[in-house]
């Protein structure tokens, strides 16, 4: 009866966690119909655009660093550590309002990649063609110099701060001096957070979006629309859903020479990328620029399907990690209690049969519940806590297969302090193994629950 209750409890726990995980994923899916925000009514500006064959379309562009031009793309960085590349548009933007549609691809064989890419609008005085050094434009901000002057739309691929909100897209700005930032915190305190008022009069945390854009086996498209001093960014992952809203931020600033002009007018379009200890191929596939009119209207997050901001967790995710954390604390508490009981019965010279019965009361339910939590962690792609729990689960599966998961009275009587049977594990070793596993896993659970 106890085993049947244990199996029922474990399956119920696993199904509950599975439902919560699916719910959390579903919350990230767009619910609105996609609207095409591209201004196809205006012709492309050829002196700001790049189309295949890329190696023959460079009349208006300069490139350097690790950038290599091929017929199909311009590779800013290869999947090699510590590379920086750039592409500079030699002609300045000659309109107060404009949009740039960029097709690009980011990929590498390893699961982890980086570091990131930037799409910039840079002050003409930082033109690399008039600099004394060919590498004058290059620096540590995804390949851009740290004293850049202008605006950057950042594609931050690698999750430096461990908050699982990458790849992320956001905007940074600098007008004079060195740009101070925290790379380890993924520009958390430097990104522009001033958002415009939506068409419905509301505001939202639309200063950043998080989307899976790596290793898709296809290019993605970004649309940057600068209209009335607001930078709108839309993303199309080429999954059939079209463009979705990513972010919109107000870009406060004055033109460097003419107050009557918009801030970014006369700036140059620039692409940079950089790799660090982890590396991705970052390919620029196509660029199309159009000049707009200030009377144009563009959809925002209230009109078009959106990507998530990656800010905090959804309610489903919070409930998921709450149940995981409570289960982990329960496993740890039960193990500590049983270990104390076991040692006390040994000191009191309790009969080995009674000790075995006491220890085996919750063995099967404990095993099945722990297995359910471990599988739920795998299904939801939480690999670090899964790998922490995996060795203990494997040991228990092997012991269960050979009928040695429960502790016999003979083992307690003859081998209470040294190994016996399959895997040569004494009761003490089993307890200590479980305690270390649950303690380490508990730290990760608490971080996921309270740290995000």
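The values are calculated or read from the model by the stated rules, or taken from the named source; none is laboratory data. Note that the structure is predicted; figures quoted are calculated from it, not measured. Note that each Cβ is placed from the backbone with ideal geometry, even for glycine, and that neighbours are counted across all protein chains shown.
Can we say residue 118 is within 20 Å of residue 177 (Cβ to Cβ), within 26 Å of the chain's Cα centre (by Cα), assigned by TED's automatic domain parsing to the domain that holds residue 246 and buried (at least 22 other Cβ atoms within 10 Å of the Cβ)? For residue 118, the condition - within 20 Å of residue 177 (Cβ to Cβ), within 26 Å of the chain's Cα centre (by Cα), assigned by TED's automatic domain parsing to the domain that holds residue 246 and buried (at least 22 other Cβ atoms within 10 Å of the Cβ) - is met.
Within segment 339-382, the residues that satisfy the criterion of being more than 24 Å from residue 397 (Cβ to Cβ) and either in a loop (DSSP other than H, G, I, E, B) or not assigned by TED's automatic domain parsing to the domain that holds residue 325 (or both) are 348, 349, 350, 351. Please specify each residue of segment 231-242 satisfying the condition of being at pLDDT below 90 and in contact with a strand residue (DSSP E or B) (Cβ under 8 Å, 6 or more places away or on another chain). Residues satisfying the conditions are 237, 238, 242. Across segment 429-449, not a single residue is classified as crowded, with 17+ Cβ neighbours inside 10 Å, touching a helix residue (DSSP H, G or I) at 6+ places or on another chain (Cβ under 8 Å), modelled with pLDDT of 75 or more and outside any helix (DSSP H, G or I).
Taking the criterion of being without any contact (Cβ under 8 Å) to a residue 60 or more places away in the chain, more than 30 Å from residue 447 (Cα to Cα) and not in a loop (DSSP other than H, G, I, E, B), would at least one residue in segment 104-116 satisfy it? Within segment 104-116, none of the residues are without any contact (Cβ under 8 Å) to a residue 60 or more places away in the chain, more than 30 Å from residue 447 (Cα to Cα) and not in a loop (DSSP other than H, G, I, E, B). In the set (1) under 20 Å from the mean Cα position of the chain (by Cα); (2) closer than 24 Å to residue 82 by Cα, the condition left unmet by residue 192 is number (2).
Would you check if there is a residue in segment 72-94 being at pLDDT 90 or above, in the same structural domain as residue 150 (by TED's automatic domain parsing), surrounded by fewer than 18 Cβ atoms within 10 Å (Cβ to Cβ) and not in a loop (DSSP other than H, G, I, E, B)? The answer is no, given that none of the residues of segment 72-94 is at pLDDT 90 or above, in the same structural domain as residue 150 (by TED's automatic domain parsing), surrounded by fewer than 18 Cβ atoms within 10 Å (Cβ to Cβ) and not in a loop (DSSP other than H, G, I, E, B).
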